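Structure, as structure tokens:
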Amino acid sequence: MPKKNVVILSASLIAVAGLGLAAATFKGSDEKVLRVANQKGQVKSMMIASGVLNGAPYTVEWSEFPSAQPLLEAVGGGAADLGLAADAPFIFAYQSGSPVKAIGVQAPAQQAGEALAILVKNGSPLKSAQDLVGKSVATTRGSIGHHLLLQALERAHIPADKVRVTFLPPGDAKAAFDSGSIDAWAIWTPYTNVAIKEGARAIVDAKDYGLPIYIDIAHADSIAPKRALLADFLQREAKAVAWARAHPDDFAQVLAKETGLPLDIARASFDRNNRVSQPIDAKIIAHEQDITARFRNAGLTDGKRDVAQAFDSSFGKAALKQ
């Protein structure tokens with residue numbers, strides 16, 4: 001009887017805090033199960049739309065998260081084997097002591113500044129990073145939005161403590177932004193797309209700072225017992241990424257259905273977040289070293305862990321095969 005892949009969809013968030021899960025306690029029944037943490041509108045949408053999981057000889061158990069921070073808590077806490085997150089939250093988690101390893105990398109296929117931006121209301125007097133001194137900016141701690149804010153302040157020669165940063169998850173930050181209780185919001189797509197459509201404008205965006213890379217992140221103790229599953233999943237994920245680039249309208253339809261975004265926002269979100277798989281190399285490691293230094297200089301981490309040890313390049317061929 002042929003083996004059949006089963007994809008289990010979980011609508012609720014895993015409450016990572018207090019799970020009390022021992023990392024990497026694998027039973028025999030787990031050998032054909034890969035637990036994948038998904039940031040809504042990311043990997044799962046592509047995998048479903050492209051059909052690349054059809055026929056996989058293992059079960060994928062998905063868990064859903066609104067942003068990278070709780071996703072990384074799930075992977076680092078042993079509640080998931082694998083998850084995709086951006087460069088800044090990955091290295092922030094790693095430098096905070098999380099037992100995570102990067103096993104694959106996806107880089108921007110095109111530069112689209114508004115995929116990542118510091119936004120203000122259309123009527124705001126703020127025009128640039130220099131105007132943020134003494135102002136309140138909402139973002140998620142250790143996120144790509146947080147990193148963009150630090151980059152902008154660094155370039156403007158403004159100490160990080162000269163800005164009042166409020167750490168909020170994206171949904172709460174949007175509510176604060178809409179109500180006017182914060183002056184600016186450092187955020188990413190699709191939130192940027194929605195806010196700009198509703199009248200916000202960017203005073204800083206990724207055109208001058210570069211888009212983040214995205215990283216397939218495994219729990220360190222999942223790698224040995226689930227190497228074959230991880231390698232197969234990365235290969236299928238690379239095919240899904242290639243399929244999405246070739247079929248952006250079809251992908252947008254699935255993305256809109258999964259996330260509840262309007263179709264035009266889903267399409268714009270993909271255009272501003274289009275990626276291709278690439279190898280883990282010295283440039284990638286240097287990129288993460290730069291982010292580590294920026295967080296360390298802002299007093300957010302001691303940055304003592306060796307960044308090169310955060311990467312496992314042994315999955316390279318699987319991650320790149322399309």
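Read the figures in this text as sums done on the coordinates, not as results from a lab. The structure presented is a predicted model; accordingly, all values stated were derived computationally and were not measured. Neighbour counts are summed over all protein chains in view; Cβ atoms, including those assigned to glycine, are modelled from backbone coordinates with ideal geometry.
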Separation of the residue 278 and residue 179 label points, Cα + 7 Å toward Cβ, nm: 4.1 nm
Give me log10 I(q)/I(0) at q = 0.12 Å⁻¹ for the chain, Debye formula, one equal scatterer per alpha-carbon, no solvent. -0.79
Using only the alpha-carbon atoms, how far is helix 248-259 inclined from the longest principal axis of the chain? Give it as 0 to 90 degrees, nearest 10. 90 degrees
I need the phi-derived Karplus couplings for segment 39-45: 6.51 cos²θ - 1.76 cosθ + 1.60, θ = phi - 60°, integer Hz, Gly and Pro marked x. 8, 3, x, 10, 4, 4, 4
For a footprinting-style exposure proxy, rank 73, 61 by other Cβ within 10 Å, fewest first. 61, 73
Taking placed amide H atoms and a strict 5 Å upper bound, the residues 5 or more places from residue 165 or on another chain that come that close are 137
Separation of segment 194-240 and segment 38-102 by C-alpha centroid, Å? 9 Å
What is the fewest-to-most order of 119, 300 by other Cβ atoms lying within 10 Å of their Cβ? 300, 119
For segment 301-312, just list the computed ³J(HN,Hα) in residue order, Karplus coefficients 6.51, -1.76 and 1.60, θ = phi - 60°, integers in Hz, with x standing in for Gly and Pro. 7, 7, x, 7, 6, 5, 4, 4, 6, 7, 10, 10
Report, by chain and number, residues whose modeled amide H sits under 5 Å from the one on residue 56, excluding near sequence neighbours (fewer than 5 apart, same chain). 5
Compute the angle between helix 227-246 and the longest alpha-carbon principal axis of the chain, please, reported from 0 to 90 degrees and rounded to the nearest 10. 60 degrees
Would you please put 156-163, 256-263 in order of how densely packed they are, using the mean number of other Cβ atoms within 10 angstrom per residue and starting with the highest? 256-263, 156-163
When you count, for each residue, the other Cβ atoms within 10 Å and take the mean per peptide, how do 174-183, 191-200 rank with the highest first? 191-200, 174-183
Just subtract the alpha-carbon distance of residue 130 and residue 290 from 0.36 nm times their residue separation and send over the number in nm, one decimal. 55.4 nm
Could you give me the ³J(HN,Hα) list for segment 71-77, computed from phi with Karplus coefficients 6.51, -1.76, 1.60 and θ = phi - 60°, whole Hz, x at Gly and Pro? 4, 5, 5, 5, 5, x, x
If each residue's Cβ is checked for other Cβ atoms within 10 Å, how do 214, 58 rank with the fewest at the top? 58, 214
